[in-house]
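Structure first, then comments.
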Amino acid sequence: MSVTASSPPPNENQETIDFLRRLAGMLTGSGRNADMLLKAASAIEALTQRAIAAEQFCWEQEEEHARNLELREVTELASDNLLAETRSLKAQLAESERRTESERTSAAEEARRLQTELADARAQLAKFTAELDALREPITAIDDSIAIVPVDSLQLARAQFDFLAAGFAKTNDVISQTICQIGACAIDKALSDNVPPAKN
């Protein structure tokens with residue numbers, strides 16, 4: 001129940017005040033009664049003004065309270081939205097970090113695999129190069145320290161280089177593929193150097 005509903009209307013109070021003052025003016029023989037009526041009229045008028053001011057203050061407080069409630073609801077909603085967005089961003093960040101770590105691990109493993117394959121290919125190339133160098137050395141005498149490699153063996157080694165190069169090409173290992181192709185070219189050169197001259 002509001003204060004405004006329990007207070008008498010201002011017009012009704014004003015009529016009472018005016019009546020008391022008229023009545024005080026009509027009491028010419030008794031000064032004390034007239035003074036009492038005037039004091040009562042003044043008291044009622046003062047109380048009426050205070051009641052009106054209190055009603056206005058109460059109404060303003062109710063409006064302020066309603067505004068505060070509305071602002072609080074808006075603030076709580078905004079806070080909930082911000083919390084939800086923060087949780088979503090944290091989840092996205094965690095997923096991104098997990099993905100980045102997984103990609104970093106995969107890249108490191110792939111680099112190690114490629115290095116191992118490259119080392120193996122280099123070892124094979126060194127082995128075949130040493131064999132070719134031995135084949136290119138001039139034969140001055142045939143003894144137990146010299147090995148003669150048949151052309152069929154060189155052709156077989158050449159085919160093995162082609163096979164390895166094709167395998168590396170399928171895995172996109174360009175370095176190992178190139179090394180095998182170099183080895184194949186070296187064998188081709190060795191085979192061409194060993195072709196007997198044409199007879200006239």
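The values are calculated or read from the model by the stated rules, or taken from the named source; none is laboratory data. Quick caveat, the model's predicted, so the values are computed rather than measured. For neighbour counting, all protein chains shown are included, and Cβ atoms are generated from backbone atoms with ideal geometry for every residue, glycine included.
Observations
- Within the range 79-91, residues that are touching a residue at least 24 places away in the same chain (Cβ under 8 Å) have Cβ atoms under 8 Å from residues that are assigned to a helix (DSSP H, G or I) and surrounded by 10 or more Cβ atoms within 10 Å (Cβ to Cβ) in no pair, counting only partners at least 6 apart in sequence or on another chain.
- Boolean, A123 is among the hydrophobic types (A, V, I, L, M, F, W, C), assigned by TED's automatic domain parsing to the domain that holds A165, free of Cβ contacts under 8 Å to residues at least 24 places away in the same chain and part of a helix (DSSP H, G or I): yes
- Selection status of T48, polar (S, T, N, Q), surrounded by 10 or more Cβ atoms within 10 Å (Cβ to Cβ) and more than 16 Å from N13 (Cα to Cα): no
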